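Comments concern the structure below.
The values are calculated or read from the model by the stated rules, or taken from the named source; none is laboratory data. Predicted model, so just to flag it, every value in this text is computed and none were measured. Ideal geometry is used to build each Cβ from the backbone, glycine not excepted, and the neighbour counts take in all protein chains shown.
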């Protein structure tokens, strides 16, 4: 989690970087106007009299801002026009207390992280024209695909289902009584097998396709939260965001293939699994199950 790192990132909804190149707000607006992002077009605005570059109505509840603040460039989400800051703060507090975010809050937090990466590149002297998140999803429709999985699915029982947006069963997961081996099935056919190592100081997992191992994942404990390291077909696997808060991206070889967060909109106490690369859909499902198990163990 990003609790002890006030520079932001990790879907906190706030971030800051050193303004080493002495950018002004006008400089930032000019540069951002040339960059295609996933959440809108920047304008010059103000927040209670403080000049700020704004992305308006990123979600129903939130705008995104970025501005120079002394020797830093700060950015974050703020209540959108017509939504009071008190109401926005109350909503964020309820999200934190409940342990989940609605889709809009998650989108706004991720937009801040997307903006942070752009500002970091400006500070490094790089030219940016488009963010990865602004590109169409690698799916048939060009739109992300969502699935829903009950929380603690891995540990509660050896059999469970994963649902699509229409609340129809998309995947059936069936585990051995030991809960060390799970078969991930689609339309009655196994697409992947998930295995957990029985004896390990830190949890270790593998994912197999047709008997061939395609991914290895290992839990590593850090001071503030657990971390997962691994490889997928020889490429580095990275969990980018807040694992314990269950709001993070799945990145393979530096490319985001999916996003995991929580939802109370369609299913009670469910994880929303968003697939951005349809060719990796089965793998995203498997990784979501592993993350659920790691989080459940860490909270226990």
- Task: Could you list, in sequence order, all residues of region 10-38 that are in contact (Cβ under 8 Å) with a residue 60 or more places away in the chain and closer than 30 Å to residue 226 by Cα?
- Result: 10, 11, 12, 13, 14, 15, 17, 18, 38
- Query: How about region 1-110: which strands (runs of 3 or more DSSP E) wholly inside it have at least 3 residues that are modelled with pLDDT of 90 or more and farther than 26 Å from residue 244 by Cα?
  - Reply: 43-47, 50-55, 62-69
- Query: From the list 186, 197, which one is in contact with a strand residue (DSSP E or B) (Cβ under 9 Å, 6 or more places away or on another chain), over 30 Å from residue 111 (Cβ atoms) and at pLDDT below 90?
  - Reply: 197
